[in-house]
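Accompanying notes for the structure given below.
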Amino acid sequence: MKKSFLWLFLLFCILNSKAQQVIPLYDKIPNSIDSKIKEISRANGATLTKVTEPTLTVYLPAKEKATGMAVIICPGGGYVALAMKSEGIDVAKKLNEMGIAAFVLKYRLPSDSTMVHKEFGPLQDAQRSLQFVRENATQYNIDTAMVGIMGFSAGGHLAATASTHYNKAYITNAKNTNLSPSFSILGYPVISFSDKLTNKGSRMNLIGTNPSPQQIDFFSNELQVNDNTPPAFLVLAMNDKVVNPLNSLVYYEALLNHGVQNCEIHVYAKGNHGFGLTLPNLDEHWVERLQNWLTTIKKR
């Protein structure tokens, strides 16, 4: 009997030691409305919808491999879902292999039923993530000057929004913590909300069916780039039928026009949309290109 208990206790300790730390982003969620809407999880959490309570899940590299760099990851899903596994957890584990601390952001999905201003909910969560990581950098062995943001598809739009709208804090920021990412990594991102370039579903879900020209311009991130926008690494496929490849190209052009250094764009012929870590041509390894680029960023 005692042996059985001991084995159960040891098993519990082993399983518990491998559990990831999940951190609620707020004590009191800003810009929120009390509702009965409940989060929906599919395929054991691979995809989430109706997210109302934002969190960060922490993935840390082995101590002997840690570089001091950190990346906040924003999964995609058209601002109506979150691809938590393929564009979140899997990516975090790959970054850990590079010695990079990763924080998977489960951000609120915009809804008039759960937010006063739904268009600002995801941005608030991205800013709060940057704030949390920098304010707790010592705990996680992170260099505050090397905290980047990464996003895919609509998560790429969120990452680009955080990279271009950092001059105004949409959250309480008593310590005046730097809310600008050190760099951004954008996978087949939605960038523009203009009629000719946007993914209509992402735009509608974030700013509604009849947005004003001012709202469209505000969330068209190619128009918001300035000389201090952080450097970006972009990856996409030319045969993407979901998000027009020109989204990435106009953002890259804006970075060039403003003299932002150390930017890279990798355009593959095939890959469609949502290829995550793996392109159809298994000989192509875009993550290796990313790893090389991050080495140049670390030297800045």
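Derivation of every value follows stated rules applied to the coordinates shown; laboratory data play no part. Given the structure is predicted, the values throughout are model-derived calculations rather than measurements. Cβ coordinates were reconstructed from backbone atoms using ideal geometry, including for glycine residues, and neighbour counts include every protein chain displayed.
Observations
- Going from the fewest other Cβ atoms within 10 Å to the most, the residues Lys118, Lys50 appear in the order Lys50, Lys118.
- Under 14 Å from the Cα of Lys65 - aspartates and glutamates, other chains or at least 8 residues apart: Glu97
- On Cα atoms only, tilt of 121-135 relative to the major axis of the chain in degrees: 60 degrees
- Residue pairs, from the table Lys93/Lys200; Lys118/Lys168; Lys106/Lys168; Lys63/Lys270; Lys28/Lys50, whose Cα atoms sit over 27 Å apart: Lys93/Lys200; Lys63/Lys270
- Computed from Cα positions, the angle between helix 154-164 and the longest principal axis of the chain comes to roughly 70 degrees.
- Taken along the Cα-to-beta-carbon direction at a fixed 7 Å, the label points for Gln21 and Asn173 span 2.4 nm.
- Prolate/oblate/rounded call for region 184-300, Cα gyration tensor, a/c under 1.5 rounded: oblate
- Proximal aspartates and glutamates to Lys38, defined as alpha-carbon separation beneath 14 angstrom and excluding residues fewer than eight positions away on the same chain: Glu53
- Computed from Cα atoms, the angle from the helix 246-257 axis to the main principal axis of the chain rounds to 80 degrees.
- Ranked by the mean number of other Cβ atoms within 10 Å per residue, highest first, peptides 159-165, 53-59, 217-223, 277-283 order as 159-165, 217-223, 53-59, 277-283.
- Compactness relative to 2.2 N^0.38 Å, alpha carbon Rg of the chain: 0.99
- Listed by Cβ neighbour count within 10 Å, with the fewest neighbours leading, Phe132, Phe120, Phe103, Phe152 appear as Phe132, Phe120, Phe103, Phe152.
- Net charge dipole size for the chain [Lys, Arg +1 and Asp, Glu -1 on Cβ; Debye, nearest 20]: 920 debye
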